[in-house]
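Heads up, the thing below is written out as structure tokens.
The values are calculated or read from the model by the stated rules, or taken from the named source; none is laboratory data. This structure is a prediction, so every number in the text was calculated from the model and none was measured. Every residue, glycine as well, gets a Cβ built from its backbone with ideal geometry; the counts of neighbours run over all protein chains shown.
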Amino acid sequence: MLKTDPVPVAFGRRDRLDLARGVCQTWPMKLIALLLAALLGSAPALSAKDYLLHTFKKTQLAYQFWGEGATLGDLNRDGKPDLVSGPYWYEGPDFTKRHEFYPAKATFKLKQEDGSEKTLPGFEGALGVNNAYSDNFFAFVQDFNHDGWKDILILGFPGEKTVWYENPKGQAGFWTRHEALDVTDNESPTFTDLTGDGKPELVCSSKGVYGYAAPDWKHPNEPWKFHPISPDNKYHRFTHGLGAGDVNGDGRLDLLEKSGWWEQPKSLAGDPIWPYHKFEFTPHGGAQMYAYDVNGDGLNDVITSFAAHGFGLVWYEQVRASGEITFRQHAILSPEQKRVPNEYGVSFSEVHALALVDMDGDGVQDIVTGKRFWSHGQAGDPDHNNAAVLYWFKLVRGPNHRADFIPSLIDDNSGVGTQVVATGCSNRKFPDLVVGNKRGTFYFQHEVRKVRQAEWQRAQPKLIAQ
Ligand SMILES: [Ca+2]
Ligand SMILES: [Ca+2]
Ligand SMILES: [Ca+2]
Ligand SMILES: [Ca+2]
């Protein structure tokens with residue numbers, strides 16, 4: 001941590017509401033003062049070069065609504081990541097040259113002041129007035145057919161097909177479409193190596209069952225096989241909250257969902273039902289869920305949005321009670337279902353996409369999230385018309401396994417979609433961000449600047465009076 005960023009002064013949060021216990025705990029101020037004195041005063045390692053300011057240069061690639069996902073990957077093999085969102089990919093590093101890899105057919109009609117109608121490209125989003133949805137919710141990049149050219153996986157509206165598009169190896173024209181899975185349910189399915197075999201799987205629910213779908217990598221053009229891990233509990237296609245992470249620390253990723261976690265067994269042969277551990281992480285359902293040791297005590301904790309269409313961002317500290325795994329809730333953004341600013345004054349709703357990524361290169365994972373603006377239209381969700389903010393929250397670990405998330409506003413006129421991706425692009429150490437949503441398609445280039453301590457301190461978020 002010290003090699004890049006000092007611990008922010010704002011770390012000295014005074015009070016923390018422990019919601020699970022319903023009590024207000026006091027930070028050990030003496031300890032914090034000692035720590036800060038060590039960090040900011042006497043430590044010779046902290047010269048001006050250690051004060052880094054992170055800012056993000058925004059480029060809006062599209063103003064239309066083409067999809068709610070976006071990602072980065074090198075599609076033309078020039079060594080520079082390209083950006084994928086909706087039916088388009090944009091050539092990196094400047095993303096000015098756009099290619100249509102499947103037909104961009106969506107249009108909508110907008111009534112003009114004189115009563116006439118105008119047809120606009122894209123789905124009806126922030127340029128329109130009515131609530132509408134796209135057919136493109138998540139994008140992932142992977143070379144499915146082992147020809148050395150990365151292909152594009154697109155997950156559509158919940159309950160619809162997942163398809164992948166075959167990279168034409170530099171040739172012009174639409175990419176060949178291959179059906180992967182006929183029904184992909186849940187609002188935060190993902191594409192990651194759940195099984196630990198070194199190859200990614202589509203983690204989702206399908207037709208009422210949690211599970212994963214994987215291609216036969218020897219026959220990649222064939223539809224993928226779905227492997228159930230739960231009984232048919234009739235999980236609805238619009239169920240919110242899903243993730244993969246190792247909760248119990250046995251090295252195997254478990255499946256996280258809003259009401260518990262499914263423990264990956266030693267052997268997956270024969271598609272066994274995974275042991276279920278019920279825990280109500282959120283009654284409403286959030287977005288992408290992660291298992292990560294937030295407070296550094298050696299036990300993985302769970303990070304989740306509290307309500308994809310309401311308020312709240314929380315992490316659940318894993319605690320062991322008589323050897324059993326349970327969790328204690330900590331709020332990053334208040335889970336009360338109304339606008340309640342956190343200790344830094346931050347509050348926003350529609351927390352429908354989350355990324356866990358080390359934004360500042362200190363070796364500790366941080367959170368990237370924001371508001372999925374107009375997710376249910378311009379009058380759909382609470383606080384719908386407030387700014388479409390995009391934030392990163394720096395995780396700072398404190399004494400006695402405390403953890404704090406320091407908010408940094410990236411932008412206030414974009415937000416997230418159902419996916420937000422932050423990954424190395426313009427430089428390896430500090431991830432850039434990409435977003436596709438109802439406001440358009442966005443690229444945020446991460447810029448880092450060394451500053452003097454005073455300037456750095458001025459830029460830190462301030463604690464508000466509690
Ligand atoms: Ca390929
Ligand atoms: Ca596990
Ligand atoms: Ca922990
Ligand atoms: Ca970090």
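Taking GLU201, is it crowded, with 18+ Cβ neighbours inside 10 Å and under 17 Å from ALA139 (Cβ atoms)?
Yes: the conditions hold for GLU201.
Restricting to the stretch 265-283, count the residues that are closer than 20 Å to ASP197 by Cβ, of a type outside the set (A, V, I, L, M, F, W, C) and within 16 Å of ligand 2 (Cβ to nearest atom).
4
Can you work out which of the residues in the stretch 284-302 that are assigned to a strand (DSSP E or B) and within 16 Å of ligand 2 (Cβ to nearest atom) is surrounded by the most Cβ atoms within 10 Å (Cβ to Cβ)?
So the residue we want is MET289.
Quick check on the stretch 325-339. Is at least one of its residues within 16 Å of ligand 2 (Cβ to nearest atom) and closer than 27 Å to ASP50 by Cβ?
Checked against the condition, which is being within 16 Å of ligand 2 (Cβ to nearest atom) and closer than 27 Å to ASP50 by Cβ, the stretch 325-339 yields no hits at all.
Taking the stretch 259-274 as the search range and keeping residues that are over 16 Å from VAL209 (Cβ atoms) and surrounded by fewer than 17 Cβ atoms within 10 Å (Cβ to Cβ), which one is nearest to ligand 1 (Cβ to nearest atom)?
Per the stated criteria, the residue is ALA269.
Of all residues in the stretch 167-193, which are more than 23 Å from GLY208 (Cβ to Cβ) and surrounded by fewer than 19 Cβ atoms within 10 Å (Cβ to Cβ)?
PRO168, LYS169, GLY170, GLN171, ALA172, GLY173, PHE174, THR176, ARG177, ASP193
Would you pick out the residues in the stretch 107-131 that are over 20 Å from THR184 (Cβ atoms) and among the hydrophobic types (A, V, I, L, M, F, W, C)?
Selection gives PHE108, LEU110, LEU120, ALA126, LEU127, VAL129.
Specify the residue that is farthest from GLY67 (Cα to Cα); the eligible residues are those in the stretch 108-146 that are touching an Asp or Glu at 6+ places or on another chain (Cβ under 9 Å) and in a strand (DSSP E or B).
Here the answer is LYS111.
Taking the condition of being within 23 Å of the chain's Cα centre (by Cα) and not in a strand (DSSP E or B), how many residues in the stretch 172-205 meet it?
Residues that pass the stated criteria total 9.
Residues in the stretch 201-211: is at least one without any contact (Cβ under 8 Å) to a residue 60 or more places away in the chain and of a type in the set (Asp, Glu)?
yes
If a residue has to be within 9 Å of ligand 2 (Cβ to nearest atom) and assigned to a loop (DSSP other than H, G, I, E, B) to count, how many in the stretch 233-264 make the cut?
Number satisfying all stated conditions: 10.
How about the stretch 152-171: which of its residues are assigned to a loop (DSSP other than H, G, I, E, B) and either touching a His at 6+ places or on another chain (Cβ under 8 Å) or within 16 Å of ligand 1 (Cβ to nearest atom) (or both)?
Correct list: ASN167, PRO168, LYS169, GLY170, GLN171.
Report whether or not TRP261 is on the phi < 0 side of the Ramachandran plot, away from ligand 3 (no atom under 16 Å from the Cβ) and either among the aromatic types (Phe, Trp, Tyr) or within 22 Å of the chain's Cα centre (by Cα) (or both).
Taking the combined requirement at face value, the residue does not satisfy it.
Among the residues of the stretch 93-106, are any under 21 Å from PHE373 (Cβ atoms), surrounded by fewer than 21 Cβ atoms within 10 Å (Cβ to Cβ) and at pLDDT 95 or above?
yes
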